[in-house]
Amino acid sequence: MYVTPEQVSASGKAGVEALVSLANAQLAAYERLSTLSLDATRSAFEDSVNYARAVLGAKDVQEVVNLSAAAAQPALEKALAYSRKVYEVSTQTQGEFTKLMEAQAAEANRNMAALLDKFAKNAPAGSDVAVAAVKSAIAAANTAYDSFTKVAKQASEIAEANMSAAANAAKDVKKKAA
């Protein structure tokens, strides 16, 4: 039961590939967030310029008040839309990371099980208790990981429900204001 240079090389390659996949996913998320932020900044700038021009062209105070009131609602809607999009990008990125990490964990479990089986075949008599203990520990760790994953998914669902509730509340406010 010796580790060969080919096995070490393959393990190193797999690790590098996993890191490259994570880096690519993170870079793609950063690119989406950067584009989103740039678009939001551009839109806010254009809205500010238009509002400033409208205020400078106002003939009286009442017109300035009306312009301010009219500008507030679209700004709130854009802020909510921006928040929703950021949340979508972060949720999507989290899903991609989770898939990659689950694949890595599954691969590590397969490798560990294969290693334990190989060890058990070549182990001295009486070591089956130690092998069983290690397998039991791995099973317990997998169960804990599964529980953690379920809790994380539930938290994500709660956050998504809260985001939807906030968006619906904002829509209700808009309807009442109209």
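List the extent of the Cα atoms of the chain along each of their three principal axes, largest first, rounded to whole Å.
97, 33, 15
Divide by every residue of the chain the summed helix terms, -39500 (n - 2.57) for each DSSP H run of at least 4, and state the resulting mean residue ellipticity at 222 nm, rounded to the nearest 500 deg cm²/dmol.
My calculation for the chain gives -34500 deg cm²/dmol from helical runs alone.
Taking the dipole about the Cα centre of the chain, with the C-beta of Lys and Arg at +1 and of Asp and Glu at -1, give me whichever of Gln94, Ala108, Pro124 is farthest to the positive side.
Gln94
Thr35 label point, 7 Å along Cα→Cβ, cut-off 13 Å on backbone N: hits in the range 87-119?
89
Between Asp117 and Ala159, what is 0.36 nm times their sequence separation minus the Cα-Cα distance? Round to one decimal in nm.
10.9 nm
Quick one: if the Förster radius is 22 Å, what FRET efficiency do Thr91 and Asn142 give, using the C-beta to C-beta distance and rounding to 0.05?
0.30
Note the full-extension length gain between Val129 and Val61 as 0.36 nm times their separation in residues minus their Cα-Cα distance, in nm to one decimal.
Result: 15.9 nm gained on full extension.
Helix 128-177 versus the longest principal axis of the chain: what is the Cα-based angle in degrees, 0 to 90, to the nearest 10?
10 degrees
Compute, for the chain, the length of the dipole vector about the Cα centre, with Cβ point charges of +1 (Lys, Arg) and -1 (Asp, Glu) only. Units Debye, rounded to 20.
About 260 debye.
Roughly what angle does helix 61-122 make with the longest principal axis of the chain, taking Cα atoms, 0 to 90 degrees, to the nearest 10?
Taking Cα atoms only, the helix is inclined about 0 degrees.
Bear in mind that the values in this text are calculations on the coordinates, not laboratory data. This is a predicted model, so every value here is computed, not measured. Quick reminder, even Gly has a Cβ in these numbers, built from the backbone with ideal geometry, and neighbours come from all protein chains shown.
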